[in-house]
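Only one structure is covered here, and it is reproduced in the block below.
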Amino acid sequence: MENSMEEIKRTLEKYSQEHLLNNYEKLSDLNKQKLIYQIKHIDFELIDSLYNRTKKKAEDIKNQITPIEYIDKQKLNGEYKEFQQIGEKAIQDKKLAVVTMAGGQGTRLGYEGPKGTYDIGLDSHKSLFELLADSLKEQGKKYNVVIPWFIMTSEENNAETIEFFEKHKFFGFEENKSIFFFKQGELPMVDAEGKILIGEDGLVKEAADGHGGIYEALVRNGMTKKMRELGAEWLFIGGVDNCLVKMVDPILMGIAIQKHVTAAGKSVVKANPEEKVGVFCKRNGKPSVIEYTEISKEMAEEKDDKCELVYGESHILCNLFNIDAVERMGKKPLPYHVAFKKESYLDRYGNKVNPTGPNAYKFEAFLFDAFGELDDMAILRVKREEEFAPVKNATGIDSPETARELYKKFYNL
Ligand code: UTP
């Protein structure tokens, strides 16, 4: 321990992070152990380089971006039946597993607790998790199979999420047989000077590494292996906060299989050029998504000869992947994006500070940054009112109120 403490101190000194041990002596024995464990597992080089990147200006990406082809589900004629037959057969043959990403913090919604446990105000008072469970069970019944459900949580909400499922008897799924939970990775947060933040518990303040952490987390936790054991070849990955998410879609599967691509994603038409959504595109010839923060006004407004937006296929976090592709993507590190957030912390004297404005950099990988690893990806345009009712904000656009109305309309409630 002596030796290792000396080593730790040297490492901290090397990266100017000595403050991490400022309150060490005041911690309980358990927290002392936890802090040492955290410090030993921090990739200081990575944190350093991520912090340095916050100082760089965004590069001009215009020349890298081109439009991507898509298939409009409404305009499929003869092919519809063919895709449907192929997709239905694959589902009946148990080739599909479903993954729900539920590790996010839900900051905009401002709800204490895992977002999946949120009640959007339907008469049934069902949580988002239960609405998804209902839909998955119904689809399973339709195809006479039990579709295995994998739920990604974060360190922050894992225990509460599992407790919620236990309380609800896993909504009829069987733990470790048809429902599985796994945790995504975390990264330390740093302040404006690049110093790693200490939380109120005296430990390193870490945050989930973004939905892009899913590939690595699926592989590291043995989930893709489990999927293979269950006979699955494809996995649908969706968010927890879209109460109309169609996790089992024979058309999407049929397209991916028939077109021999390793991934297929769904889009809805962008409501207007200013809408704050990422859109599918090609980046250096590979499938990608361009974020609303990245796209220029000119590109966002560009129209084709049919008067449709050239970059108008919104990415709605509804994607299907071949397991091989996920395992490949899980081994390649993704770039991290940076967000500047308001986070409380302990100062060097051990006093809690509640900042009045953003003070902390959080590093997140985005799921779609891995699309560049795919040779190609089929994009299926679907109807917004049938498949996209997100719960993002507490009020206004994409709020529980708008999601509830869309849900009620779709199900004729
Ligand atoms: P969002 O990017 O909308 O984030 O996540 P969020 O956490 O729900 O909300 P804000 O941005 O803090 O307000 C889209 C989906 O990705 C999941 C979320 O749970 C949601 O289903 N997600 C996001 C993760 O699973 N892990 C993450 O680290 C981030």
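The values are calculated or read from the model by the stated rules, or taken from the named source; none is laboratory data. Predicted model, so just to flag it, every value in this text is computed and none were measured. Ideal geometry is used to build each Cβ from the backbone, glycine not excepted, and the neighbour counts take in all protein chains shown.
Regarding region 306-325, can at least one residue be identified that is crowded, with 21+ Cβ neighbours inside 10 Å, within 16 Å of the ligand (Cβ to nearest atom), within 20 Å of the chain's Cα centre (by Cα) and not in a strand (DSSP E or B)?
no
Whether any residue in region 235-254 is more than 16 Å from the ligand (Cβ to nearest atom), of a type in the set (D, E, K, R) and surrounded by fewer than 21 Cβ atoms within 10 Å (Cβ to Cβ) is what I want to check.
Taking region 235-254 and keeping what is more than 16 Å from the ligand (Cβ to nearest atom), we get 248-254.
Subsequent filtering for residues that are of a type in the set (D, E, K, R) retains 249.
Subset that is surrounded by fewer than 21 Cβ atoms within 10 Å (Cβ to Cβ): none.
Checked against the condition, which is being more than 16 Å from the ligand (Cβ to nearest atom), of a type in the set (D, E, K, R) and surrounded by fewer than 21 Cβ atoms within 10 Å (Cβ to Cβ), region 235-254 yields no hits at all.
Under 7 Å between Cβ atoms, which residue pairs at least 6 apart in sequence (or on different chains) link something in region 232-243 that is among the aliphatic types (A, V, I, L, M) with a partner that is assigned to a strand (DSSP E or B) and within 11 Å of the ligand (Cβ to nearest atom)?
From residues that are among the aliphatic types (A, V, I, L, M), the pairs are Leu235/Val99; Ile237/Val99; Ile237/Met101; Val240/Thr100; Val240/Met101.
Within region 232-255, is even one residue out of contact with any helix residue (DSSP H, G or I) (no Cβ under 9 Å at 6 or more places or on another chain) and at pLDDT 95 or above?
Let us first name the residues in region 232-255 that are out of contact with any helix residue (DSSP H, G or I) (no Cβ under 9 Å at 6 or more places or on another chain), namely none.
No, region 232-255 has no match at all.
Residues in region 113-138 that are part of a loop (DSSP other than H, G, I, E, B), within 16 Å of the ligand (Cβ to nearest atom) and either within 19 Å of the chain's Cα centre (by Cα) or not hydrophobic (A, V, I, L, M, F, W, C) (or both): how many? I'd like the intermediate steps shown before the answer.
Looking only at region 113-138, we keep the residues that are part of a loop (DSSP other than H, G, I, E, B), and these are 113-114, 118, 120-126.
Adding the requirement that they be within 16 Å of the ligand (Cβ to nearest atom) leaves 113-114, 118, 120.
When the remaining residues are screened for being either within 19 Å of the chain's Cα centre (by Cα) or not hydrophobic (A, V, I, L, M, F, W, C) (or both), the result is 113-114, 118.
Number satisfying all stated conditions: 3.
Here's a check for you: in region 130-175, which residue that is among the basic types (Lys, Arg) and either touching a helix residue (DSSP H, G or I) at 6+ places or on another chain (Cβ under 8 Å) or at negative phi (or both) is surrounded by the most Cβ atoms within 10 Å (Cβ to Cβ)? Steps first, please.
Applying the first criterion (among the basic types (Lys, Arg)) to region 130-175 yields 137, 141-142, 167, 169.
Okay, now just the ones that are also either touching a helix residue (DSSP H, G or I) at 6+ places or on another chain (Cβ under 8 Å) or at negative phi (or both), so 137, 141-142, 167.
Details: Lys137: 17, Lys141: 10, Lys142: 13, Lys167: 9.
Once the filter is applied, the top-ranked residue is Lys137.
Can you tell me which residue in region 375-413 is farthest from Lys55 (Cα to Cα), limited to those that are in contact with a Ser or Thr (Cβ under 9 Å, 6 or more places away or on another chain) and surrounded by fewer than 19 Cβ atoms within 10 Å (Cβ to Cβ)? Full working, then the answer.
Going through region 375-413, the residues in contact with a Ser or Thr (Cβ under 9 Å, 6 or more places away or on another chain) turn out to be 375-377, 379-382, 384, 388-393, 396, 401, 413.
Among the residues that remain, those that are also surrounded by fewer than 19 Cβ atoms within 10 Å (Cβ to Cβ) are: 375-376, 384, 393, 396, 401, 413.
Values: Asp375: 32, Asp376: 33, Arg384: 38, Asn393: 29, Gly396: 34, Glu401: 39, Leu413: 51 Å.
Here the answer is Leu413.
Give just the number: which of (1) of a type outside the set (Asp, Glu); (2) in contact with a Pro (Cβ under 7 Å, 6 or more places away or on another chain); (3) surrounded by fewer than 22 Cβ atoms within 10 Å (Cβ to Cβ); (4) under 23 Å from Leu334 (Cβ atoms) does Ile196 not satisfy?
(3)
Quick one: is Val219 within 23 Å of the chain's Cα centre (by Cα) and not in a helix (DSSP H, G or I)? Walk me through how you get there before you give the answer.
Numbers: within 23 Å of the chain's Cα centre (by Cα): yes; not in a helix (DSSP H, G or I): no.
The answer is no for Val219.
Sort out which residues of region 338-365 are buried (at least 18 other Cβ atoms within 10 Å of the Cβ) and under 15 Å from Leu50 (Cα atoms), and write them in order of number.
Residues satisfying the conditions are Ala360, Tyr361, Lys362, Phe363, Glu364, Ala365.
Only one of (1) within 16 Å of the ligand (Cβ to nearest atom); (2) touching a Lys or Arg at 6+ places or on another chain (Cβ under 7 Å) fails for Ile214. Which number is that?
Result: Ile214 passes all but (2).
Here's the yes/no breakdown for (1) more than 16 Å from the ligand (Cβ to nearest atom); (2) within 28 Å of Asn354 (Cα to Cα):
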position	(1), (2)
Phe182	no, no
Gly194	yes, yes
Glu200	yes, yes
Gly210	no, yes
Gly222	yes, no
Lys225	yes, no
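For a quick check of your reading: which helices (runs of 4 or more DSSP H) sit entirely within region 1-72 and have at least 3 residues that are in contact (Cβ under 8 Å) with a residue 60 or more places away in the chain?
29-41, 44-53
For region 139-180: of the residues being under 14 Å from Lys115 (Cα atoms), of a type in the set (A, V, I, L, M, F, W, C) and not in a helix (DSSP H, G or I), which is farthest from the ligand (Cβ to nearest atom)?
Only one residue fits best here, namely Ile151.
Could you please find all residues in region 87-112 being within 16 Å of the ligand (Cβ to nearest atom), modelled with pLDDT of 95 or more and of a type in the set (Gly, Ala, Ser)?
Ala102, Gly103 - these are the residues of region 87-112 that are within 16 Å of the ligand (Cβ to nearest atom), modelled with pLDDT of 95 or more and of a type in the set (Gly, Ala, Ser).
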